[in-house]
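Below is one structure, written out as structure tokens, with a few remarks after it.
The values are calculated or read from the model by the stated rules, or taken from the named source; none is laboratory data. The shown structure was predicted, so the numbers you read here are calculated from the model rather than taken from an experiment. Don't worry about glycine lacking a Cβ; one is built from the backbone with ideal geometry, like all the others, and counts go over all protein chains shown. Keep in mind that these areas ignore ligands, DNA and RNA; they rest on the heavy atoms of the full protein, side chains included. Shrake-Rupley method; radii C 1.70, N 1.55, O 1.52, S 1.80 Å.
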Number of protein chains: 2
Amino acid sequence: MSVTAAQGFLASGVAAGIKESGDPDLALVVNRGPSRAAAGVFTSNRVQAAPVRWSRRVVAGRRVAAVVLNSGGANACTGPDGAADTRAAAERTARAVGADPDEVAVCSTGLIGVRLPMDRLLPGIDSAAGALSPDGGGDAAAAIKTTDSVHKTAAVTRSGWTVGGMAKGAGMLAPGLATMLVVLTTDADADARLLDSALRAAVRTTFDRVDSDGCMSTNDTVLLLASGASGTAPGPAEFADAVHAVCLDLARQLVADAEGASKEIEVAVVGAASEEDAVAVGRSVARNNLLKCALHGEDPNWGRVLSAIGTTDAVFDPDRLDVAINGVWVCRDGAPGEPREKADLSGRRITLTVDLRSGDASAVLWTNDLTAEYVHENSAYSS
Amino acid sequence: MSVTAAQGFLASGVAAGIKESGDPDLALVVNRGPSRAAAGVFTSNRVQAAPVRWSRRVVAGRRVAAVVLNSGGANACTGPDGAADTRAAAERTARAVGADPDEVAVCSTGLIGVRLPMDRLLPGIDSAAGALSPDGGGDAAAAIKTTDSVHKTAAVTRSGWTVGGMAKGAGMLAPGLATMLVVLTTDADADARLLDSALRAAVRTTFDRVDSDGCMSTNDTVLLLASGASGTAPGPAEFADAVHAVCLDLARQLVADAEGASKEIEVAVVGAASEEDAVAVGRSVARNNLLKCALHGEDPNWGRVLSAIGTTDAVFDPDRLDVAINGVWVCRDGAPGEPREKADLSGRRITLTVDLRSGDASAVLWTNDLTAEYVHENSAYSS
């Protein structure tokens, strides 16, 4: 149920003293092979953290022997000094686990704009290397938490091979990757090209469709590492399906644990002229603060859905829009439909369905409500 | 200091019983001429309320004799019945004040997706017509309030002529018009073409640059009516300047009274390659929920400014971005600058300055912080 579910992987998580709280803050994931094939996708934010710039180059080489991850600091917007810090972390990890620094990916998460305490981080890497274990996936997942209340892991096993993974992310959760760190591992025998295509396809309809708070991080990273240790080479479709299942599981866990949220909201857009239209409408609805407040108050205020749809360029006729809340079609033909009181919003999960009645394309996005707790969590201290 | 500051205008505001609270909810503004030249700009939301659709046609005729405005209901997403209600309001107003229905503009604000109580609204029009007065501008401004805590009026007087106005708007305050109703009046002798060019120029850099909560309304309307009663025909530049001054005054009043806000935030983007770039960056910063929470907590978290800039297509180099908070350059070259502790955010007004260092263009946007009170106000009841 984690990055060590697949054969060939070791992991660990330790408290290196990066976080003032003394909580675990440093994780290692090591691929013992025989293969070291890898793929990765990164934030589309143009302001990118030093570890993202570094790991992008590593993944371009198509091989990753180890990943070192820290919470307690994003190492973003830290200039040339921050880049040197990332390189030092990769080099220390390479020495500690017996790898080439150019095959060590680095991930950091936490406050933007401050240097990492390297005097504690580097010795922490040595401690983590000493703690590596085939059962260390849970410890690794715990060490990358920031404002996450629980650690997130997932795995699926198919005929003789496994895909597993871990994720962190609770705020700055938005598109072009949902803001987070994710490491996926598999013991399938799969080359970097297959890993890349399966990963991109899965991310596109899972993490990329999470939009908890509209805020895109500088540090988003999703890595997929293959050890080949199962000796089994799955077909591309079967493999892509397994990767998608693990990504979807982790994406839903991110939405379930979003900062301050009291509702998990699925926005299903159907009847769109194109998938792009469906995503654009879903994104606009998912980002509408007024709607997110209304759903927090369990108020089926569908007018706010229509006002959000109306800001997009998607193909639709304003007088032929239908909207359902938890299955009750409260808006028909852009006007009142069934009584809004029929929609019961008392549960934690809410489904909004928007029918654009303009085609056959569709998309699903996931978001959260906007709460006083979200405001408190993001105003009371720097994160 | 209102829509009756200029000669030739009468106004009134009454309680017609549209609002359950019994507060004033219906306003009239009547132009007694000699001119009835007018211009208007409307929401760019593609889901448009019935009164917006109606008033757009009225303004296309370049003459407006009267404006009837109601709070307590937006008459948006109400289908053909809602359109008939708007027409009935215009016709009743025309009869009551002696005008052509095609020269009566209609504005509505309140909850989306419910019909207006026409049995109370239509008699209210008769009452308002009976109350018309050259001193009625304040009453009219009070009657269009929804969640506004104060009514908003402004006026400037130049050599022999005046531009005055009123505005409402506290939530759904966002671009492509800031969400609101605004009526401006002038006794200058100005034809519809001059009114239109002055109004569009003023709105572009005032109301359109307010982005309190990223939510664009279905009902935004800004009207400018000229009576010509002063007998003075100002030059185009002088007239545009006066219209701009009144619009800016009202726009700042909207930001000052935004729902639940505790901070008024000015986002000044300089050094941009184009004005479009400056606006895009300013808008992205103004809409970043995490940053708005941080500023609410008086935390100079400039990393959230950079992460917002990074989501835009504007021309910039991530390693050459400078950011100042209240004049303290906390970020230089995309990395830490002066100590963030130096920035004092304890006052109600905060200025963020972003230097893209890519050209000479600039833009200023106005927004608010994100507060628990905003969440409460927009989740506790339908609005």
Rounded to the nearest 5, what is the percent of antiparallel bridges among the DSSP beta bridges in chain B?
70
Across region B:325-340, in residue order, what do the Karplus-derived ³J(HN,Hα) couplings come to in whole Hz, using 6.51 cos²θ - 1.76 cosθ + 1.60 with θ = phi - 60° and x for Gly and Pro?
10, 6, x, 9, 7, 6, 10, 10, 6, x, 9, x, x, 5, x, 4
Leaving out ligands, DNA and RNA, what percent of the accessible area of region A:232-383 is carbon and sulfur, probe 1.4 Å?
49
What residue in chain B has the Cβ closest to the axis turning B into A, and how close is it in whole Å?
B:Ala372, 2
Take the cross-link list A:Lys19/A:Lys292; A:Lys263/B:Lys292; A:Lys263/A:Lys342 and give me the ones stretching past 30 Å between alpha-carbons.
A:Lys19/A:Lys292
Chain A: relative contact order in percent, alpha carbon pairs under 8 Å with at least 6 residues between
18
Rounded to whole Å and sorted largest first, list the principal axis extents of the Cα atoms in the protein assembly as shown.
90, 54, 37
If I fit a long axis through the Cα atoms of helix B:275-286 and take the longest principal axis of the Cα atoms of chain B, what angle between them do I get, 0 to 90°, rounded to 10?
80
If one compares the long axis through the Cα atoms of helix A:192-204 with the longest principal axis of the Cα atoms of chain A, the angle in degrees, nearest 10, works out at 30
So how do B:Thr205, B:Thr371 rank on accessible area, 1.4 Å probe, biggest first, that is with the largest at the start?
B:Thr205, B:Thr371
How large is ³J(HN,Hα), in whole Hz, for each residue of region A:228-234 in order, when computed from phi with the Karplus curve 6.51 cos²θ - 1.76 cosθ + 1.60 and θ = phi - 60°, using x for Gly and Pro?
x, 5, 6, x, 10, 10, x
Cα-based helix-to-principal-axis angle, B:236-256 vs chain B, degrees rounded to 10
70
Pairwise over distinct Cα atoms, reciprocal of the mean inverse distance: report the Kirkwood radius of region B:32-93 in Å, one decimal place.
12.5
Residue-averaged 222 nm ellipticity for chain A, from DSSP H runs of 4+ at -39500 (n - 2.57), nearest 500
-9500 deg cm²/dmol
Taking placed amide H atoms and a strict 5 Å upper bound, the residues 5 or more places from B:Cys331 or on another chain that come that close are B:Val323, B:Gly337, B:Glu338
More than 28 angstrom apart: percent of Cα pairs within region B:9-256:
22
Added length on full extension, which subtracts the Cα-Cα distance from 0.36 nm per residue, B:Asp344 to B:Thr157
63.6 nm
On the accessible surface of region A:113-222, probed at 1.4 Å, how many percent belong to carbon and sulfur atoms?
49
Nearest 5 is fine: what % of DSSP beta bridges in the protein assembly as shown come out antiparallel, could you say?
70
For A:Thr157, inter-copy label-point distances (7 Å, Cα→Cβ), nm, shortest first, read 8.7
Given that compact globular proteins tend to follow 2.2 N^0.38 Å, what is the ratio of the alpha-carbon Rg of region A:286-363 to that value?
1.04
HN-Hα J in Hz across region A:4-10 - Karplus 6.51, -1.76, 1.60, θ = phi - 60°, x for Gly and Pro
9, 5, 7, 5, x, 10, 10
Ignoring ligands, DNA and RNA, the residues of region A:331-349 whose accessible area with a 1.4 Å probe is reduced by 10 Å² or more relative to the chain alone are A:Gly334, A:Ala335, A:Pro336, A:Arg340
Calculate how many DSSP beta bridges within region A:1-124 are antiparallel, expressed in % of all such bridges and rounded to the nearest 5.
70
Sequence-distant residues sharing a close amide H with A:His151 (under 5 Å, placed H):
none
When A and B pair up, the total accessible heavy-atom area removed from solvent (1.4 Å probe), in Å² to nearest 100, is 4200
With a probe of 1.4 Å, find how much accessible area chain B has per residue, and write the answer as a whole number in Å².
32
Could you state how much accessible area A:Val364 has, in square angstrom rounded to the nearest 10, with a 1.4 Å probe and all protein chains kept in place?
50
